[in-house]
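These notes concern the structure reproduced below.
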Amino acid sequence: MSQRIVIGITGASGAPYSVRVLRLLLQAGTEVHLAVSPLGRRLLADELGIRRLESAALMGEIEADPSLLVIHNDNDVGAAIASGSFLTDGMIVVPCSSNTMGAIAAGVTQSLVQRAAMVCLKERRRLVIAHRESPLSHIDLVNMQRLSEAGAIIAPLSPGFYMLPSRIEDLVDFMAGKLLDLVGVPHDLQIRWKSAVDDDSKP
């Protein structure tokens, strides 16, 4: 059975991250279950021109099986991903707004994104919170601590520069690869650090 990952998209800026992660998962043969908050929908429209949650628009021109992408209504808290009996390999909330992070930390489940995240926590599955907002308030820090103590991984969307990125896409790929690593999905993005002793070209 292929891996099954839930993706939640919320209203913090960073739509290129979410769509890149989604496409990489699909290209890896991962079954992806997607839930997008109302502000996440606006985010996709404002930053990427994606105005309808449809497979064709979300997948773009990648070569992948469209049946692997299952799109859920964020208002449908009775969807499969809202139940612990529906087995998944984890969830990534990308980007994750402070509002959504606070709701999850407080155990609030007023939307499918929030409920699916709570399912991951209660079932002890991998939950990755890809927070993007900056600076952080004390409330944000407390919420991050609460989520970390509950078993979530806090992965701020903070790309590294040691690979000498020359394009925005390089920065997006750095974090997309990191997020795939955190849920155990293989990829071939060039994001690995190599020290001088690792460089086989040196004598």
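The values are calculated or read from the model by the stated rules, or taken from the named source; none is laboratory data. As the structure is a computational prediction, the values presented were derived from the model and not from experiment. In this analysis, Cβ positions are derived from the backbone assuming ideal geometry, glycine residues included, and neighbour counts consider all displayed protein chains.
Just to verify a result, which residue in region 23-60, among those that are without any contact (Cβ under 8 Å) to a residue 40 or more places away in the chain and closer than 16 Å to Asn75 by Cβ, is nearest to the chain's Cα centre (by Cα)?
If we take residues in region 23-60 being without any contact (Cβ under 8 Å) to a residue 40 or more places away in the chain and closer than 16 Å to Asn75 by Cβ, then Leu34 is nearest to the chain's Cα centre (by Cα).
Tell me which of these Val77 doesn't satisfy, since it passes every other one: (1) in contact with an Asp or Glu (Cβ under 9 Å, 6 or more places away or on another chain); (2) surrounded by 14 or more Cβ atoms within 10 Å (Cβ to Cβ); (3) assigned to a loop (DSSP other than H, G, I, E, B).
Here Val77 meets the rest and fails (1).
Scan region 116-131 and tell me whether some residue there is closer than 24 Å to Leu180 by Cβ, of a type in the set (Asp, Glu) and either at pLDDT below 95 or in contact with a helix residue (DSSP H, G or I) (Cβ under 9 Å, 6 or more places away or on another chain) (or both).
no
Quick one: count up the residues across region 1-35 that are in a loop (DSSP other than H, G, I, E, B) and of a type in the set (Phe, Trp, Tyr).
Looking only at that region, the number is 0.
Just to be sure I understand, how many residues within region 132-147 are under 21 Å from Leu180 (Cβ atoms) and either in a loop (DSSP other than H, G, I, E, B) or aromatic (Phe, Trp, Tyr) (or both)?
Number satisfying all stated conditions: 1.
Pick from Gly107, Gly102: which is part of a loop (DSSP other than H, G, I, E, B) and either surrounded by fewer than 20 Cβ atoms within 10 Å (Cβ to Cβ) or in contact (Cβ under 8 Å) with a residue 12 or more places away in the chain (or both)?
Exactly one residue qualifies, and that residue is Gly107.
For region 96-108, state whether one or more residues are modelled with pLDDT of 95 or more, of a type in the set (Val, Ile, Thr) and closer than 19 Å to Glu31 by Cβ.
No.
Name the residues in region 121-178 that are farther than 19 Å from Ala106 by Cα, in contact (Cβ under 8 Å) with a residue 40 or more places away in the chain and among the aliphatic types (A, V, I, L, M), would you?
Result: Leu157, Ile168, Val172, Met175, Ala176.
So, of the residues in region 111-164 that are among the acidic types (Asp, Glu) and over 16 Å from the mean Cα position of the chain (by Cα), which turns out to be surrounded by the fewest Cβ atoms within 10 Å (Cβ to Cβ)?
Glu149
State yes or no: is Arg146 modelled with pLDDT of 95 or more and in contact with a helix residue (DSSP H, G or I) (Cβ under 8 Å, 6 or more places away or on another chain)?
Criteria met by Arg146.
Can you tell me which residues in region 38-71 are crowded, with 21+ Cβ neighbours inside 10 Å and under 20 Å from Thr88 (Cα atoms)?
Leu69
Pairs needed: first member in region 62-75, aliphatic (A, V, I, L, M); second member anywhere, in a loop (DSSP other than H, G, I, E, B); C-beta distance under 8 Å; at least 6 residues apart or different chains.
Ala64/Gly29; Leu68/Ser2; Leu68/Gly29; Leu68/Thr30; Ile71/Leu53; Ile71/Glu54
Filter region 79-106 for residues that are of a type in the set (S, T, N, Q) and farther than 24 Å from Arg20 by Cβ; which is nearest to the chain's Cα centre (by Cα)?
Ser83
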